[in-house]
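What follows is one structure encoded as structure tokens, with my remarks underneath.
The values are calculated or read from the model by the stated rules, or taken from the named source; none is laboratory data. Please read all numbers here as calculations on a predicted model, not as lab measurements. Glycine gets a Cβ as well: all are built from the backbone with ideal geometry, and neighbour counts include every protein chain shown.
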Amino acid sequence: MNWIFVTDNVDGDKFYYDKDRVRKSGKYLYFLELGDIMKPKKGFSSSIRHIELDCSILRYKVLKLRGYNNSMGEGDIVGDYTPKDEWRYPPPNSTFEYMYKKICEEHQMDKDGLPNGQGTWTSPDGQKYVGEFKDGESHGQGTMTFSDGDKYVGKWKNGEMNGQGTYTWNDGNEYEGEWKEGREHGQGTFSRPDGKKYVGEWKDGEKHGQGTETFPDGDKYVGELKDGEPNGQGTYTWKDGDKYEGGLKNGDPNGQGTHTYSDGGKYVGEWKNGKEWNGTEYDKDGNIEYKVVNGVEQ
């Protein structure tokens, strides 16, 4: 037993509880309480009680009581009782009121019986949260390990990932950055084991805003994104040296843009859904090779 002293009374009796074996269940705490008695009563020099404590309205039940002929719960058992199953209320300003309030505070149970402060929550399916709580919700810094092996380490607000944090999926994918209401939101980096990586802005769980995406084969995109796809102005560079600069829609060239080839040639003009639409193709020396009108090469 790890008996932690809590308080004493006017008679000099001292009261302890086993802090290491406190069990939480909803708004209730279950623990062993030790009373060390200065003037033995009925042959008791000490007693150990198994307590069920309701922190919401500060009431308790004595589930089991044992008396011992020596101090600190040692020696022979001289009494073993199972008291009547009933709720008791510590008198105002009493030793037990002080003691039970202190135990509730130490184990972060507020007046409503909800976890507050530092704690650990485990679900039946193996999901586990270790960190800060507020009004029964994960709130502050904490780590959630999910039953499928995913893991989040970072800030929480009202039970949701919110603020700076890192989420690692069981397949090795990882997002590190800002969160809002459980979704990637703000500045962040998403990376995969195969080398694909995105660094930039997010909105409601999607790549959205300005960003840079690099691919395993060496291709690279720098520019605007919307709803997870290149949309707006951007530059896509291929590993073979080709390069596109201009407007994009859902990942394809759209609007005004220039595609420069690795040999020095280029197309300059309008694009429509990834297709050359109205523009001019030049060779590496700047000579016109052909023109495109409404998608048809002239």
*Please tell me if Gln141 is more than 19 Å from Gly119 (Cα to Cα), surrounded by 15 or more Cβ atoms within 10 Å (Cβ to Cβ) and not aromatic (Phe, Trp, Tyr).*
no
*Would you confirm whether any residue within the stretch 18-35 is in contact (Cβ under 8 Å) with a residue 24 or more places away in the chain and farther than 30 Å from Thr122 by Cβ?*
no
*Count, please, the residues in the stretch 135-156 that happen to be assigned to a strand (DSSP E or B) and in contact (Cβ under 8 Å) with a residue 24 or more places away in the chain.*
3
*asked:* Against the definition (part of a strand (DSSP E or B) and either out of contact with any helix residue (DSSP H, G or I) (no Cβ under 8 Å at 6 or more places or on another chain) or outside the structural domain of Glu201 (by TED's automatic domain parsing) (or both)), how does Gly163 come out, yes or no?
replied: yes
*Restricting to the stretch 38-62, what's the tally of residues that are surrounded by fewer than 20 Cβ atoms within 10 Å (Cβ to Cβ), aliphatic (A, V, I, L, M) and modelled with pLDDT under 95?*
3
*Among (1) among the acidic types (Asp, Glu); (2) surrounded by fewer than 13 Cβ atoms within 10 Å (Cβ to Cβ); (3) in contact with a His (Cβ under 9 Å, 6 or more places away or on another chain), where does Glu276 come up short?*
(2)
*Any idea which of Gly79, Gly75 is over 30 Å from Tyr152 (Cα atoms), more than 27 Å from the chain's Cα centre (by Cα), small (Gly, Ala, Ser) and in a loop (DSSP other than H, G, I, E, B)?*
Gly75
*Within the stretch 80-103, can you find the residues that are loosely packed, with under 10 Cβ neighbours inside 10 Å and either within 20 Å of Arg66 (Cα to Cα) or among the hydroxyl-bearing types (Ser, Thr, Tyr) (or both)?*
Asp80, Lys84, Asp85, Glu86
*asked:* Step by step: first the residues of the stretch 221-243, then only those that are among the small types (Gly, Ala, Ser) and surrounded by 15 or more Cβ atoms within 10 Å (Cβ to Cβ), then the one that is nearest to Gly163 (Cα to Cα). Which residue is that?
replied: Gly228
*Do the conditions hold for Tyr290, that is, is it without any contact (Cβ under 8 Å) to a residue 12 or more places away in the chain and either closer than 27 Å to Gly163 by Cβ or assigned to a strand (DSSP E or B) (or both)?*
yes
*In the stretch 180-220, which residues are under 20 Å from Gln164 (Cβ atoms), small (Gly, Ala, Ser) and either over 20 Å from the mean Cα position of the chain (by Cα) or not in a loop (DSSP other than H, G, I, E, B) (or both)?*
Gly186, Gly188, Ser191, Gly200, Gly209, Gly211
*Given the residues Gly279, Gly269, Gly232, which is the only one that is in a strand (DSSP E or B) and in contact with a Leu (Cβ under 7 Å, 6 or more places away or on another chain)?*
Gly232
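Here's the yes/no breakdown for (1) among the aromatic types (Phe, Trp, Tyr); (2) crowded, with 19+ Cβ neighbours inside 10 Å; (3) at pLDDT 95 or above:
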site: Lys180; (1), (2), (3): no, no, yes
site: Gly186; (1), (2), (3): no, no, yes
site: Phe190; (1), (2), (3): yes, yes, yes
site: Gly195; (1), (2), (3): no, no, yes
site: Tyr198; (1), (2), (3): yes, yes, yes
site: Gln210; (1), (2), (3): no, no, yes
site: Pro216; (1), (2), (3): no, no, yes
site: Gln256; (1), (2), (3): no, no, yes
site: His259; (1), (2), (3): no, yes, yes
